[in-house]
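J.: Dropping the structure in here first, questions after.
The values are calculated or read from the model by the stated rules, or taken from the named source; none is laboratory data. All values derive from a computational prediction rather than experimental measurement. All Cβ positions, glycine included, derive from the backbone under ideal geometry; neighbour counts span all protein chains shown.
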Amino acid sequence: MSVIPKHINVAFVITLVLAGAIPHSTQAALSATATPKLDKRLALIAAAVREQRAQPLMAAALTREIFRQISPLEARWNAAGQVQVYLHYARNGNPPDSTELAALGASDIVNSPGLGVVQAWIPADKLESAAALATVTRVSVPHYAIMRRSPPIAALPRTGSIDTAGDQILGAAQFRTATGYTGQGIVVGVISNGDSGVSASQSTGDLPANIWNDPNNSAWRTTGAEGTAMMEIVYDIAPGIKQLGFAGPGTTADFLTALNDFNTDINANIIVDDLGFPGEAMFTNGDFANGVQQFATAHPSIHLVTAAGNDGTAFWAGPWSSTPVNVTINGVTYTQALNFGTPTSPVTQLEIQDPQAGDSIAYLVEWDDPWDNTSTTNDPNDYDVVMYSTTTPSDATAIACNQGINIGPAGSSTSGCNQTNNASVLNTPGPLPVQGSGATLASNETTAYLSVYLVAGNPGANLKILVLSNNANRITVTPPYPSPSIPGSIYGQSAVGMPVGSSLTPGEITVGAVLPAGPYSIEDYSSLGPVQFGIPGTGTGTQISETIQKPDFVAPDCVNVTGAGGFGSPFCGTSAAAPHIAGLLALLLSAYPISDDPYTLLQNSASQPVGGSGWNGTYGFGLPNIDTLLTSGTYPVTGAVITSPASGTTIMGGQSTTFLSGCLGYDGKAFSYLWNFGTSTIADSTAQNPNVTFNTAGTYTVTLTCTNSMGSGTATSTYTVTASRFGAASFGLPALAILALMLLVTARRRR
């Protein structure tokens with residue numbers, strides 16, 4: 001999967017050919033001598049190092065990072081000449097020793113037991129040494145995140161406090177007014193691509209002062225402000241929450257670290273994310289999705305919420321249907337192509353429509369062979385993928401391809417897809433059944449064409465194709481667009497859930513996006529379910545077929561945010577929808593802490609925008625409106641809160657203090673108040689906001705009991721009362737006599 005707030009941040013898989021680092025004639029020979037445990041993409045880097053040609057490769061990669069043209073499948077460099085990797089180790093075995101890694105010059109070493117990897121930045125000239133460590137079974141490129149948002153329509157200047165329209169649509173504002181519950185005591189963690197502009201949002205009251213930043217996930221902290229916008233939506237819905245937290249993970253390992261950090265460091269009740277990880281398993285739960293599920297199972301009191309994705313119009317799924325062709329690309333002749341049309345009207349190309357001329361676009365093609373993320377052996381079954389600039393397939397029009405172990409754009413705009421191929425390795429570039437690459441369109445082009453060819457073995461007969469864009473609002477592929485989008489475009493942690501018909505709460509609550517005005521129709525880019533796992537095919541796949549019930553709910557997008565940090569408003573995409581549901585959960589957890597499961601409450605409050613009832617793969621259980629819980633008689637518990645003075649406040653003895661109360665719960669009947677001030681010298685009070693005076697220094701526990709027809713709730717606060725020079729009663733009678741004598745002596749001296 002990829003980590004993208006649901007717009008798309010794309011680029012391409014780098015090859016030595018692209019960088020001009022290694023001549024085509026020597027490429028296959030160099031890769032053949034690489035350490036077998038190295039991923040083929042890393043093997044090419046190691047080969048470039050041996051030939052002292054790595055500098056152009058590194059420079060090209062860093063340039064693409066600057067211009068946000070990095071593919072989710074591409075190896076990442078830093079300016080120190082290090083490459084980020086996953087060092088796989090045996091299940092239930094010992095991870096690579098951090099001291100040994102540090103001796104190789106590794107940095108930012110993070111163990112992720114859930115994935116069975118150690119993530120680290122390794123000097124490029126030490127990749128083979130790291131692979132040779134005894135406990136390392138394989139070295140691969142990390143799975144990188146992309147944000148799942150539709151880019152904003154336009155940026156708006158901040159003009160003060162902004163509230164999301166979803167506050168009214170989802171019944172949150174009405175619920176708060178009727179009950180007094182605002183998310184008290186609840187902690188919400190947000191995972192996205194950056195929280196720039198937080199101080200500006202705090203200055204306008206759109207975010208609270210207490211925001212925690214995960215010290216272990218700083219990769220995306222200042223690269224954007226989508227996390228800021230998401231936190232604003234949560235805070236609009238649940239303005240009384242105890243604390244917000246933010247993490248900006250860049251990889252699947254970082255993501256799992258963030259989940260654990262939210263649990264151990266701030267005791268989060270809810271964690272919401274809008275990241276996707278292209279290249280993760282789409283026909284089964286891979287290591288990452290299983291890691292998220294394991295976290296959810298181990299922490300049932302933490303509610304995970306995720307954006308469904310904005311891939312509804314940029315996704316194709318279907319069975320392999322062959323049509324004969326005679327196409328030769330880069331010396332490889334293909335005789336069978338995937339037919340996107342019908343048997344009588346074959347279509348051999350998927351048309352990719354990008355509204356931004358000259359944009360960078362990328363693709364991922366996955367098929368249903370077993371997903372073995374531990375093997376060092378390439379999948380023997382293979383499809384080749386070629387992207388063309390026109391409908392005429394040829395070397396001259398090929399602009400990106402996957403042939404054999406080669407992955408990347410064409411060598412140049414005129415030479416076509418000319419990577420050197422070795423007939424003995426014409427298979428997928430790793431143990432996983434996925435191919436991916438990309439290219440930048442010409443400055444006047446908005447369309448590309450994708451073909452999938454059968455080349456080796458007996459690959460799984462079901463395929464999924466995902467297209468990503470760097471700048472476009474949305475990508476569309478034809479077929480099926482503009483007809484209804486194909487279901488199944490939800491993947492990764494967004495697909496973590498229960499089979500259709502299960503009554504259990506899912507590991508993740510997955511949220512789609514609807515228009516912010518009635519009849520609240522689904523956004524065409526919102527990814528659709530259900531998730532189809534293990535579709536039986538004619539290949540080697542042996543997975544059990546299973547249908548996962550996704551999405552769970554929908555919420556409005558294209559809502560206003562402040563625009564702090566340079567972020568645009570309105571905020572569109574499922575990245576905007578997901579924090580609405582996180583905010584609703586905060587309200588429900590504070591109002592129904594014991595009596596009701598919040599997921600069930602969301603189901604009970606939801607309705608299908610298009611009619612009908614129950615669950616479907618477009619709207620899930622529908623659009624919640626939690627105000628309907630009150631009208632149907634599902635009332636929250638009665639609670640109490642002492643709003644002022646705050647617990648722990650020091651009160652001056654002898655001075656009048658006003659206590660302010662908050663009685664919580666459905667107030668169809670009036671509340672009654674009972675105050676006890678922790679001392680027999682002050683009588684209990686039935687006033688809503690009593691005014692009292694403490695005359696004796698000491699520590700007092702004040703108790704408020706709120707009662708209505710639904711029951712009673714209590715709150716306590718502790719205060720320290722100190723003596724005052726002028727608050728005579730606070731000293732007691734002996735002290736008063738001494739003070740009077742001192743004052744008399746002082747007065748006589750002044751005469």
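J.: Out of curiosity, is Ser112 modelled with pLDDT under 85 and closer than 21 Å to Gly279 by Cα?
T.: Here the answer is no, as Ser112 does not meet what is asked.
J.: Enumerate the pairs (first residue in segment 203-218 and assigned by TED's automatic domain parsing to the domain that holds Thr251 and more than 16 Å from Gly565 (Cα to Cα); second residue anywhere and assigned to a loop (DSSP other than H, G, I, E, B) and small (Gly, Ala, Ser)) with beta-carbon separation below 6 Å, excluding pairs fewer than 6 apart on the same chain, so at least 6 apart or on different chains.
T.: Asn217/Gly248
J.: Among the residues of segment 300-309, which ones are at negative phi and surrounded by 24 or more Cβ atoms within 10 Å (Cβ to Cβ)?
T.: His303, Leu304, Val305, Thr306, Ala307, Ala308
J.: Determine whether segment 653-662 contains at least one residue that is aliphatic (A, V, I, L, M), within 47 Å of the chain's Cα centre (by Cα) and not assigned by TED's automatic domain parsing to the domain that holds Leu589. Working first, answer last.
T.: Keep residues of segment 653-662 that are aliphatic (A, V, I, L, M), which gives 660.
Then drop every residue that is not within 47 Å of the chain's Cα centre (by Cα), which leaves 660.
Right, trim to not assigned by TED's automatic domain parsing to the domain that holds Leu589 and you get 660.
Yes, segment 653-662 contains at least one residue that is aliphatic (A, V, I, L, M), within 47 Å of the chain's Cα centre (by Cα) and not assigned by TED's automatic domain parsing to the domain that holds Leu589.
J.: Listed residues Glu65, Glu74; which is buried (at least 22 other Cβ atoms within 10 Å of the Cβ) and within 29 Å of the chain's Cα centre (by Cα)?
T.: Testing whether each residue is buried (at least 22 other Cβ atoms within 10 Å of the Cβ) and within 29 Å of the chain's Cα centre (by Cα) leaves just Glu74.
J.: Name the pairs: first residue in segment 458-469 and within 26 Å of Tyr525 (Cα to Cα), second residue surrounded by fewer than 24 Cβ atoms within 10 Å (Cβ to Cβ) and of a type in the set (Asp, Glu), Cβ to Cβ under 8 Å, at least 6 apart or on different chains?
T.: Pairs that qualify, where the first residue is within 26 Å of Tyr525 (Cα to Cα) and the partner is surrounded by fewer than 24 Cβ atoms within 10 Å (Cβ to Cβ) and of a type in the set (Asp, Glu), are Ser469/Asp359.
J.: How many residues are outside any loop (DSSP other than H, G, I, E, B) and within 34 Å of the chain's Cα centre (by Cα) when one looks only at segment 316-347?
T.: Number of matching residues: 5.
J.: Among the candidates Phe283, Phe315, single out the residue that is within 24 Å of Glu523 (Cα to Cα) and at pLDDT below 95.
T.: Criteria check complete, one pass: Phe315.
J.: In the list Asn263, Asn290, which residue meets the criterion of being over 15 Å from Gly227 (Cβ atoms), assigned to a helix (DSSP H, G or I) and modelled with pLDDT under 95?
T.: Asn290
J.: Out of segment 435-447, which residues are of a type in the set (A, V, I, L, M) and either without any contact (Cβ under 8 Å) to a residue 60 or more places away in the chain or surrounded by fewer than 24 Cβ atoms within 10 Å (Cβ to Cβ) (or both)? Please lay out each step first, then the result.
T.: Narrowing segment 435-447 to residues of a type in the set (A, V, I, L, M): 439, 441-442.
Passing the criteria: Leu441, Ala442.
J.: For Thr333, state whether it is surrounded by fewer than 16 Cβ atoms within 10 Å (Cβ to Cβ) and free of Cβ contacts under 8 Å to residues at least 40 places away in the same chain. Quick ask: steps written out before the conclusion?
T.: Details: surrounded by fewer than 16 Cβ atoms within 10 Å (Cβ to Cβ): yes; free of Cβ contacts under 8 Å to residues at least 40 places away in the same chain: yes.
Against the criterion (surrounded by fewer than 16 Cβ atoms within 10 Å (Cβ to Cβ) and free of Cβ contacts under 8 Å to residues at least 40 places away in the same chain), Thr333 qualifies.
J.: I'm trying to understand the selection: among the residues of segment 46-62, which are buried (at least 23 other Cβ atoms within 10 Å of the Cβ) and either charged (D, E, K, R) or at pLDDT 90 or above (or both)?
T.: Result: Ala46, single match.
J.: On to the next question. When residues of segment 350-386 are filtered for being among the β-branched types (Val, Ile, Thr), over 27 Å from the mean Cα position of the chain (by Cα) and part of a strand (DSSP E or B), how many remain? Before the answer, list the steps.
T.: Start the filter on segment 350-386 by keeping residues that are among the β-branched types (Val, Ile, Thr), which leaves 352, 361, 365, 374, 376-377, 385-386.
Retained after the next criterion (residues that are over 27 Å from the mean Cα position of the chain (by Cα)): 376-377, 385-386.
Remaining after also requiring part of a strand (DSSP E or B): 385-386.
Number of matching residues: 2.
J.: Take the residues in segment 162-179 that are surrounded by 24 or more Cβ atoms within 10 Å (Cβ to Cβ) and not β-branched (Val, Ile, Thr), then tell me which one is farthest from Gly563 (Cα to Cα).
T.: So, considering only residues that are surrounded by 24 or more Cβ atoms within 10 Å (Cβ to Cβ) and not β-branched (Val, Ile, Thr), the one farthest from Gly563 (Cα to Cα) is Phe175.
J.: Same structure again: Return the residues of segment 542-584 that are over 17 Å from the mean Cα position of the chain (by Cα) and closer than 25 Å to Gln174 by Cβ; say none if nothing qualifies.
T.: Answer for segment 542-584, where residues must be over 17 Å from the mean Cα position of the chain (by Cα) and closer than 25 Å to Gln174 by Cβ: Pro556, Cys558, Val559, Asn560, Val561, Thr562, Ser569, Pro570, Leu584.
J.: Give the residues of segment 310-324 that are out of contact with any Gly (no Cβ under 7 Å at 6 or more places or on another chain) and buried (at least 17 other Cβ atoms within 10 Å of the Cβ), sorted by residue number.
T.: Residues satisfying the conditions are Asp311, Gly312, Thr313, Ala314, Phe315, Trp316, Gly318, Trp320.
J.: State all residues of segment 568-609 that are crowded, with 24+ Cβ neighbours inside 10 Å and assigned to a loop (DSSP other than H, G, I, E, B); if no residue qualifies, say none.
T.: Listed by number, the list holds a single entry, Gly573.
J.: Looking only at segment 643-687, count every residue that is acidic (Asp, Glu) and under 19 Å from Ala178 (Cβ atoms) and tell me the total.
T.: So the answer is 1.
J.: Does segment 608-619 contain any residue that is of a type outside the set (A, V, I, L, M, F, W, C), without any contact (Cβ under 8 Å) to a residue 60 or more places away in the chain and touching a strand residue (DSSP E or B) at 6+ places or on another chain (Cβ under 9 Å)?
T.: Looking through segment 608-619, at least one residue is of a type outside the set (A, V, I, L, M, F, W, C), without any contact (Cβ under 8 Å) to a residue 60 or more places away in the chain and touching a strand residue (DSSP E or B) at 6+ places or on another chain (Cβ under 9 Å).
J.: From Gly240, Gly286, which residue is farther than 26 Å from Gly512 by Cβ, small (Gly, Ala, Ser) and not assigned by TED's automatic domain parsing to the domain that holds Asp108?
T.: Gly240
J.: Does any residue of segment 212-233 turn out to be in a helix (DSSP H, G or I) and out of contact with any strand residue (DSSP E or B) (no Cβ under 9 Å at 6 or more places or on another chain)? Show your work before the answer.
T.: Start the filter on segment 212-233 by keeping residues that are in a helix (DSSP H, G or I), which leaves 226-233.
Remaining after also requiring out of contact with any strand residue (DSSP E or B) (no Cβ under 9 Å at 6 or more places or on another chain): none.
No, that holds for no residue.
J.: When you go through Ala229, Ala200 one by one, which is the residue that is crowded, with 24+ Cβ neighbours inside 10 Å and touching a residue at least 24 places away in the same chain (Cβ under 8 Å)?
T.: Ala229
J.: Given the residues Thr264, Thr284, which is the only one that is over 18 Å from Lys550 (Cβ atoms), surrounded by fewer than 23 Cβ atoms within 10 Å (Cβ to Cβ) and among the hydroxyl-bearing types (Ser, Thr, Tyr)? Full working, then the answer.
T.: Values: Thr284 fails: over 18 Å from Lys550 (Cβ atoms).
Selected residue: Thr264, the only one of Thr264, Thr284 that is over 18 Å from Lys550 (Cβ atoms), surrounded by fewer than 23 Cβ atoms within 10 Å (Cβ to Cβ) and among the hydroxyl-bearing types (Ser, Thr, Tyr).
J.: Check Phe295, Phe288, Phe315 and return the single one that is touching a residue at least 12 places away in the same chain (Cβ under 8 Å) and touching a Phe, Trp or Tyr at 6+ places or on another chain (Cβ under 8 Å). Show your work before the answer.
T.: Working: Phe295 fails: touching a Phe, Trp or Tyr at 6+ places or on another chain (Cβ under 8 Å); Phe315 fails: touching a Phe, Trp or Tyr at 6+ places or on another chain (Cβ under 8 Å).
Of the residues listed, the single one that is touching a residue at least 12 places away in the same chain (Cβ under 8 Å) and touching a Phe, Trp or Tyr at 6+ places or on another chain (Cβ under 8 Å) is Phe288.
J.: Would you mind stating whether Pro480 is more than 20 Å from the chain's Cα centre (by Cα) and either modelled with pLDDT under 90 or not in a strand (DSSP E or B) (or both)?
T.: Spelling it out, Pro480 is indeed more than 20 Å from the chain's Cα centre (by Cα) and either modelled with pLDDT under 90 or not in a strand (DSSP E or B) (or both).
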